[in-house]
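One structure below.
The values are calculated or read from the model by the stated rules, or taken from the named source; none is laboratory data. Values in this document were obtained by computation on a predicted structure and should not be read as measured data. No Cβ is skipped: glycine too gets one built from the backbone with ideal geometry, and neighbour counts run over all protein chains shown.
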Amino acid sequence: MESLQIHTDSRSYPVFVGEGVISALPNFLKTHFPSLTKVVIFTDGNVGERYLPALESVLTEFHPYTYIIPNGEYAKTFDVYQSCLTYCLEKKLDRKSLVIAFGGGAVGDLSGFVAATFMRGIPFVQMPTTILAHDSAVGGKVAINHPLGKNMIGAFYQPEAVFYDLNFLSSLSHVERRSGFAEVIKHGLIQDEAFYQWLLTNISDLTALTFEQLEYMLKKGIQIKSVIVSQDEKEKGIRAFLNFGHTLGHAIEAEAGYGKVTHGEAVLIGMLFALKLSNKLFNTSFHYEKFKTWVEQLGYNTSIPEGLHPQSLLERMKQDKKAVDGHIQYVLLERIGKPVAVPLDDQFLLTELKQFQQD
């Protein structure tokens, strides 16, 4: 079975993408973990109801434990994190045990952080079930949220492998598809203009994506992220470019209340704002209105949600992980495929946010 290879300073590992790749999981575990003692699956209610029997059926010889966590961002709290650790302790997991993160980005973030911190680190495998998770499942960022900021409590901890079975994407809602596709767009904008143009030309209806289109764009996104992560695993430099659209996006998520606006849809608004700033500061030739029309046709809301105030969003952005001493480092585009991080003045951002809300 073909795989993409992710190489970082701390670990190299395969990413299997395609229909039915779940069937390769048992042999992978037996080959790479011959003395494996216990397996625990963390998943949420939605994924568990639809797909857990399929996963458990291929893992019968491992007698896995399963723990169901809340759906979406509600899973990434201190309380849920502690309950997962308690479950691991109650089931007497040890350093030869393994965690499987079976679900979307929130499940992967939480499960990975549990694996990173239980007994100072046990192995885990990512099994993403959403388009959004093609970004979060690769690269080793694991975290939970704090009321004052998204993903502020976490670690860099790479999985042992990623099994991305496209059969699990068939039941995604339109909202989930929009959330995930925003990260696909991001990868094209920051790294590959030809890929971005392919998306513009070929994707006009997110409810009608073919398996061939899904496989192509997800592999492409993973490859783009792999190139960046291999050079900068712990975000000391160019990995920050993967946060394009996320500074305002995370602020919208936090200010609206986690779970009220999906991650990808918030990031899409953040990308629009960043593209507008990029055109203003770098006089780029990016066709902003064409892009806005395209994403609106795909079903995205392109405005900051009502009730969110520029000053509050600015304060949220100043708490972002990318802020330095309270100064916002903003990822912009000099052109498609040429991102740059620049410090932006509070008053300038506040003025631009107000204007963005009025557009």
Show the residue pairs that are 6+ apart or on different chains and have beta-carbon atoms under 6 Å apart, the first residue being within the range 213-232 and within 16 Å of D9 (Cβ to Cβ) and basic (K, R), the second being in a helix (DSSP H, G or I) and at pLDDT below 95. none
Residue in the range 343-353 that is farther than 29 Å from L199 by Cα and in contact with a His (Cβ under 6 Å, 6 or more places away or on another chain) present: yes
Is it the case, given these coordinates, that K30 is basic (K, R) and surrounded by fewer than 16 Cβ atoms within 10 Å (Cβ to Cβ)? yes
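Given the options S171, S179, name the one that is hydroxyl-bearing (S, T, Y) and surrounded by 21 or more Cβ atoms within 10 Å (Cβ to Cβ).
Working: S171 fails: surrounded by 21 or more Cβ atoms within 10 Å (Cβ to Cβ).
Unique residue meeting the criteria: S179.
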Scan the range 196-208 residue by residue and report those that are over 20 Å from the mean Cα position of the chain (by Cα) and within 19 Å of G299 (Cβ to Cβ). L200, T201, N202, I203, S204, D205, T207, A208
Unique residue being closer than 18 Å to L132 by Cα and either surrounded by fewer than 16 Cβ atoms within 10 Å (Cβ to Cβ) or of a type outside the set (V, I, T) (or both) when the list is G237, G257, G299: G299
Per the filter on the range 100-132, residues in contact with a strand residue (DSSP E or B) (Cβ under 8 Å, 6 or more places away or on another chain), β-branched (V, I, T) and either in a loop (DSSP other than H, G, I, E, B) or crowded, with 24+ Cβ neighbours inside 10 Å (or both) are I100, V107, V114, I122, V125, T129, T130
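Report yes if some residue within the range 21-32 is under 25 Å from N167 (Cβ atoms) and under 21 Å from the mean Cα position of the chain (by Cα); otherwise report no. Don't jump to the end; show me each part of the working.
In the first step, residues of the range 21-32 are kept if they are under 25 Å from N167 (Cβ atoms); the result is 21-32.
Retained after the next criterion (residues that are under 21 Å from the mean Cα position of the chain (by Cα)): 21-22.
So far as the range 21-32 goes, yes, one or more of its residues are under 25 Å from N167 (Cβ atoms) and under 21 Å from the mean Cα position of the chain (by Cα).
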Do we find that A161 is closer than 20 Å to V15 by Cα and in contact (Cβ under 8 Å) with a residue 12 or more places away in the chain in this structure? yes
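I want to confirm something. Restricting to the range 133-148 and keeping residues that are of a type outside the set (D, E) and under 14 Å from V17 (Cα atoms), which single residue is surrounded by the most Cβ atoms within 10 Å (Cβ to Cβ)? Full working, then the answer.
Taking the range 133-148 and keeping what is of a type outside the set (D, E), we get 133-134, 136-148.
With the extra rule that they be under 14 Å from V17 (Cα atoms), the set shrinks to 133-134, 137-138.
Details: A133: 27, H134: 27, A137: 30, V138: 25.
Out of the qualifying residues, it is A137.
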Would you be able to tell me the number of residues in the range 102-129 that are of a type outside the set (A, V, I, L, M, F, W, C), touching a Lys or Arg at 6+ places or on another chain (Cβ under 9 Å) and under 23 Å from N167 (Cα atoms)? 3
Unique residue being modelled with pLDDT of 95 or more and assigned to a loop (DSSP other than H, G, I, E, B) when the list is L36, L89, L25: L36
Hey, any hits in the range 100-108 for a residue that's without any contact (Cβ under 8 Å) to a residue 60 or more places away in the chain and more than 18 Å from L242 (Cβ to Cβ)? yes
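Only one residue in K292, K321 is charged (D, E, K, R), modelled with pLDDT of 95 or more and buried (at least 16 other Cβ atoms within 10 Å of the Cβ), so which one is that? Spell out how you get there, then give the answer.
Details: K321 fails: modelled with pLDDT of 95 or more.
Just a single option satisfies the conditions, and that option is K292.
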